[in-house]
Amino acid sequence: MSRKTVTDKAERLKKNYRVILVGPGQALVIGDHDTYDVIKLSFRWSCNCPWGKHRGRWSECSHVVAVRQAQVDPHSQAPVARLAGLLQELKQMKESA
């Protein structure tokens, strides 16, 4: 996969709110074929997709690039953050009942 293709796919994933920043150095990416774990190990990012497992040492997969883009663009997280807030409120309501 060319660098341009990786960047284009990463931008599409981010624009479609398919990157979920779980915490510092940890994210989930809903890819075209599966959901992938992206984590930061020291100074490098790692993804458990087939590309990341076999070629991740040489170049980053689109999932890692999408996570990097989402970290720079906080607006890409707005719907996910709102959903997380609603789920937390629902959980608290159930616990109080």
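The values are calculated or read from the model by the stated rules, or taken from the named source; none is laboratory data. Not measured: the values here are computed from a predicted model. In this analysis, Cβ positions are derived from the backbone assuming ideal geometry, glycine residues included, and neighbour counts consider all displayed protein chains.
Hey, among the residues in segment 13-24 that are part of a loop (DSSP other than H, G, I, E, B) and within 10 Å of the chain's Cα centre (by Cα), which one's surrounded by the most Cβ atoms within 10 Å (Cβ to Cβ)?
Filtering segment 13-24 for residues part of a loop (DSSP other than H, G, I, E, B) gives 16-18, 24.
Still in the running and within 10 Å of the chain's Cα centre (by Cα): 17-18.
Details: TYR17: 15, ARG18: 19.
Looking at the filtered set, the residue picked out is ARG18.
Under 6 Å by Cβ, and 6 or more places apart or on different chains, what pairs join a residue from segment 37-55 that is more than 15 Å from VAL19 (Cβ to Cβ) with one that is part of a loop (DSSP other than H, G, I, E, B) and of a type outside the set (D, E, K, R)?
Pairs found: TRP51/CYS61.
Return the only residue of ALA10, ALA97, ALA84 being hydrophobic (A, V, I, L, M, F, W, C), surrounded by 12 or more Cβ atoms within 10 Å (Cβ to Cβ) and at pLDDT below 80. Can you show your working first?
Values: ALA10 fails: at pLDDT below 80; ALA97 fails: surrounded by 12 or more Cβ atoms within 10 Å (Cβ to Cβ).
So the residue among ALA10, ALA97, ALA84 that is hydrophobic (A, V, I, L, M, F, W, C), surrounded by 12 or more Cβ atoms within 10 Å (Cβ to Cβ) and at pLDDT below 80 is ALA84.
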